[in-house]
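The values are calculated or read from the model by the stated rules, or taken from the named source; none is laboratory data. It should be emphasised that the depicted structure is a prediction, and the values quoted were computed from it without experimental measurement. Glycine also receives a Cβ, built like all others from the backbone with ideal geometry; neighbour counts cover every protein chain displayed. These accessible areas exclude ligands, DNA and RNA; they are computed on the full protein's heavy atoms, side chains included. Shrake-Rupley method; radii C 1.70, N 1.55, O 1.52, S 1.80 Å.
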Amino acid sequence: MGKAQDLQPHVIVKGGEEVNTLEFEKITHQATISQLKDFTWWFRMAMYTLFVLSGQSAAVLLGRLYYNKGGKNLWMATLVQFIGFPILIPYHCILSSKKIALDRNVNQPDALALAFMYLSFGVLLAADSFLYSIGLLYLPVSTFSLICASQLAFNAFFSFCLNAQKFTPCIVNSLVILTISSTLLVFHPNSVNLTGISKEKYTVGVICTVGASAGYGLMFSLTQFSFEKVLKSQTFVTVLEMIIYESLVATCATLVGLFISEEWQGLKREMEEFELGRSSYLLTLICTATAWQTFNIGAIGLIFEVSSLFSNVISASGLPFVPVLAVIFFKENMDGIKVIATVLALWGFASYLYQHYLDDLESKAETKHVKEISMIPLLKEDNF
């Protein structure tokens, strides 16, 4: 009898009403799947964040190393920022062959619209990268990295205009704190490089870096807009395609500039005169290209998962740490201002992360409410 009773379907009694076991288990199963999706989402977010922070730091430091040890070619310094995209092609082919992207053929956008989008993004990427190369050439790493985070303010403006970004108190606090952290060293009396760069070149470096930051802020918002309004896809394959196609266009545009400027003729001599040797010259360029691709995957992945503003916040939160690394590798001075900038960056990042924590709690509360409402028809059926 005990075993027979164990085989009887259990019922859940609530206020005298019985709920069918199968339906209850179905809802419980859906809740478990939802929790698993939440975990995988946070895991992807952690990976993308790691890619952004590590790739950005390594790329900036390697770019500075290229200049410090004898590199002078602006077009080459620009080219390595996106020429590493072929390393993503095999992975893209694997995902496509396994048909993970099931919705790629659904509501496929017009080919002409896609071509125009990737062409525009590629040209904008090449122009922004060239301006960044000029800024890194004329500015110390600490000043350069902190000015770069001014793109956060530009991106906030473009996100408000293009992506209908909502600003909560936590987000506003994060933007203000990160902007202060990023611009603090610009007005620091020791921010000017005293190792041979004239005041005029320093000014050009600041202007080019700010201009590139504005361009990247616009590009981040346009990327989010394209995911939502043009591509309308929910797969990682779409992220890879975005990186590959726009990097291909940017590579072609930069190669045209390299040959028109005739700077390619001095590459062999530059390699031979590189202080660390020819092999180190090539290794520096290869590692820089890999680091930038790592950053691109993380940045566009965060845009895809959350928003362009969130991607920019993650990027900006890592920039004040670059001066710390510059102290270690390039013997730059680390004073109180840089320490304060680093602390403010952590504060701003924590504020934005807390807002997403609140959003997650609100989303779970709404889901629970929906599940409770879905139980009402079952209770009514059991009464009959």
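ASN68 label point, 7 Å along Cα→Cβ, cut-off 14 Å on backbone N: hits in the stretch 308-329?
322-329
Starting from the Cα of SER261, step 7 Å along the direction of its Cβ; do the same at ARG278; then give the gap between the two resulting points in nm.
2.4 nm
Residue by residue, what Karplus-based ³J(HN,Hα) values in Hz, rounded to whole numbers, does the stretch 268-275 have, using 6.51, -1.76 and 1.60 with θ = phi - 60° and x for Gly and Pro?
Those phi angles translate into 5, 5, 4, 5, 5, 8, 4, 4 Hz.
Taking 35 Å as R0, compute the FRET efficiency from the Cβ-Cβ separation of LEU361 and PHE160 and round it to 0.05.
On the way: r = 25 Å, r/R0 = 0.71.
Between LEU361 and PHE160 the formula returns 0.90.
Heavy atoms only, 1.4 Å probe, whole protein assembly: order PHE157, PHE220 by accessible area, highest first. Show your work: numbers first, answer last.
Working: PHE157 125, PHE220 20 Å².
Result, largest first: PHE157, PHE220.
Return the distance in nm (one decimal) between the two label points of a simple spin-label model at TRP41 and ILE89, each offset 7 Å from Cα along Cα→Cβ.
Roughly 3.5 nm, to one decimal.
How much accessible surface area, in Å² rounded to 10, belongs to the heavy atoms of LYS268 with a 1.4 Å probe?
Accessible area of LYS268: about 140 Å².
So, in nm, how far is label SER120 from label ILE328 when the simple model puts each one 7 Å beyond its Cα toward the Cβ?
4.1 nm
Over the stretch 35-94, with every protein chain in place, what whole percent of the accessible area is carbon and sulfur at 1.4 Å, could you tell me? List each step's numbers first, then the result.
Details: 2190 of 2870 Å².
Ligands and nucleic acids excluded, carbon and sulfur reach 76 percent.
Students sometimes get this wrong: rank LEU248, LEU309, LEU267 by accessible area, probe 1.4 Å, all chains present, largest first.
Numbers: LEU248 80, LEU309 0, LEU267 35 Å².
Reading off the accessible areas and sorting them downward yields LEU248, LEU267, LEU309.
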